[in-house]
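One structure is given below, encoded as C-alpha cells.
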Amino acid sequence: MTEAVKYIGLDVHKETIAVAVADGERGGEVRYVGTVPNEDDAVRKLVKRLTGAGTKLQVCYEAGPCGYGLHRLLTGLGQSCIVIAPSMMPRRPGDHVKTDRRDAMTLARLLRAGELTAIWVPDEAHEAVRDLIRARRSAKEDATGAKQTVKSFLLRHDRRYGGKGTWTKMYWRWLSEQRFDFPHQQLAFEEMQKRVLEAQARVGRLEAALGEAVEGWRFAPLVRNLQALRGIQLVSAATLVAEVGDLTRFDNPKQLMAYVGLVPSEYSSGARKQRGRITRAGNGQARTMLVEAGWAYRLPAREERRYRERVADLPDEVQAIGWKAQVRLCQRFRRLAATGKPQPKVITAIARELIGYAWDIARRVSPAVAT
C-alpha cells in the first residue's frame with residue numbers, strides 16, 4: 001500500500017511557527033493549520049497530530065536566525081525536512097502581501113510542486129567550528145576598526161609617522177611617545193590603543209582555539225591538504241571548508257564556483273548575450289576568503305621556505321596540484337593585468353579558478369573517521 005504524503009510548510013519565528021499543509025495530489029487543497037509555539041514539545045505534538053497510519057510528512061522552512069535546531073528535531077523524529085534559502089524562493093513580481101499564513105501556505109505548495117531547492121545543513125560539530133571561525137573573523141574586523149580609529153585620531157591632530165610600516169614594534173614605540181595637551185585627550189588616546197591590543201589578543205585566542213578544534217574535526221585532512229594552495233593557510237582553509245562543507249558534494253568545479261557566487265551574471269535573449277558582475281550568490285564568507293587568497297598570485301611562482309615546511313608531509317599528488325595552480329594562476333594574473341583589466345576583476349578571476357583547484361584536492365582526500 002502506497003503511503004500518503006503531506007507537504008508541510010513552516011514559517012518559523014522566535015516564539016511561534018505558522019503551519020500549512022498541502023495534500024499529496026497536485027492541485028490538491030492547501031490549508032492553514034494555525035500557529036504553534038516554537039518549542040520542542042509543541043513540535044512533537046504537531047508531528048503526532050499530522051501523521052497517521054499510512055501517512056508520511058515532508059517538511060520545509062526557510063533558513064533564518066533560529067538556526068537548524070528545528071531541522072535536527074524533525075529528522076530525529078523520522079520526518080523528511082529540508083531547509084531552503086530565502087533568496088531562492090520563487091516569488092511573483094506582483095505579490096506585495098506578506099503574512100505568516102501566506103508564507104507557510106506558499107512553502108507547502110511549492111514543496112509539493114518540487115520548486116524548492118534545499119540547502120546543505122551542517123551537523124552540530126561542523127556548526128561549532130563554523131561559529132568559531134565567524135567569531136574569529138568578527139574579532140579581526142574589530143581589530144581593524146580599532147586600528148583605523150587610532151590612525152584617524154592621529155591624522156586629525158597632524159601626528160605623522162615617519163617609518164615605513166605601521167603596527168610594527170617601532171610604530172608602537174612611536175605611539176607610546178605621543179603626548180597631547182589635555183589629560184582627557186591623552187586618556188582617550190590611551191584607551192584607543194588598549195582597544196587595539198585587546199582586539200588583537202582576542203584574535204590570537206580564537207586562532208589558537210581554531211587550531212585545536214580543527215585537529216579533532218572530521219575535515220582535518222582536507223584542511224591540511226588545502227594548504228598546498230598558495231595563499232591558503234589554516235584559517236582560510238578552515239573557513240572554506242566550514243562555510244561550504246564537503247566540497248565533493250558538487251559534481252564539478254563550475255557548480256562550486258556558482259555556489260560561492262564567483263561566476264558572472266548573465267542576461268541573454270535571442271542573439272544578444274550580455275554578462276555582468278559576479279552573482280555574489282551563496283556564501284559570502286567563503287567568497288571573501290578566496291578573494292583575499294587570490295592576492296598571493298600577483299607575485300611570480302615560487303616555493304619559499306615556510307611554504308615548503310607547510311606542505312612537506314602532504315601527498316605528492318596534492319603538492320603537484322598546488323604547484324600546477326601556482327604556475328597557472330601567477331601567469332594568468334600577469335596576462336590579465338597586462339591587458340589593463342582593473343585589479344578587482346583580475347583577483348576575482350583568480351579566486352574563481354582557485355576554488356576549482358581546491359575541489360580537485362578535495363576529491364583526493366578522505367575525511368577522518370570519527371572515533
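The values are calculated or read from the model by the stated rules, or taken from the named source; none is laboratory data. Bear in mind that the values here come from a model prediction, so they are computed numbers and not experimental data. All Cβ positions, even for glycine, are placed from backbone atoms using ideal geometry, and neighbour counts span all protein chains on display. Note: areas computed on protein heavy atoms with side chains; ligands, DNA, RNA excluded. Shrake-Rupley method; radii C 1.70, N 1.55, O 1.52, S 1.80 Å.
Quick notes on this one:
- Contact order normalised by residue count of the chain, Cα under 8 Å, 6+ apart, percent: 14
- The chain: calculated mean residue ellipticity at 222 nm from DSSP helix runs of at least 4, using -39500 (n - 2.57): -17000 deg cm²/dmol
- Here the accessible area of segment 32-104 is 51 percent carbon and sulfur, with a 1.4 angstrom probe and all protein chains present.
- Beta bridge orientation in the chain: antiparallel %, DSSP, nearest 5: 60
- Of [x] 79, 56, 55; [y] 79, 42, 38; [z] 79, 46, 41, the label for Cα extents along the principal axes in Å derived from the coordinates: [x]
- Contact order relative to length of segment 17-165, as percent, for alpha carbon pairs under 8 angstrom and 6 or more apart: 23
- Here the accessible area of segment 313-370 is 52 percent carbon and sulfur, with a 1.4 angstrom probe and all protein chains present.
- Average accessible surface for segment 197-243: 39 Å² per residue, computed with a 1.4 Å probe over protein heavy atoms with every protein chain in place.
- Helix 100-113 and the longest principal axis of the Cα set of the chain meet at an angle near 80°.
- Test item: Cα-centred dipole of the chain, Lys/Arg +1 and Asp/Glu -1 on Cβ, debye: 1720
- For segment 104-155, the solvent-accessible area with a 1.4 angstrom probe is 48 square angstrom per residue.
- Within the accessible surface of segment 165-265, defined with a 1.4 Å probe on protein heavy atoms only, the carbon and sulfur portion equals 54 percent.
- Between helix 183-215 and the chain: long-axis angle, C-alpha atoms, 0 to 90°, nearest 10: 60
- Accessible surface computed residue by residue for segment 295-358, with neighbouring protein chains in place and a 1.4 Å probe, gives 59 Å² per residue.
- Whole-Hz ³J(HN,Hα) from phi, Karplus 6.51 cos²θ - 1.76 cosθ + 1.60, for segment 216-227, glycine and proline x: x, 8, 5, 9, 4, x, 5, 4, 5, 6, 5, 6
- Segment GLU3-ARG328, length gained on full extension (0.36 nm per residue, minus Cα span): 111.5 nm
- Angle between the chain longest axis and helix 316-338 axis [Cα atoms, degrees, rounded to 10]: 70
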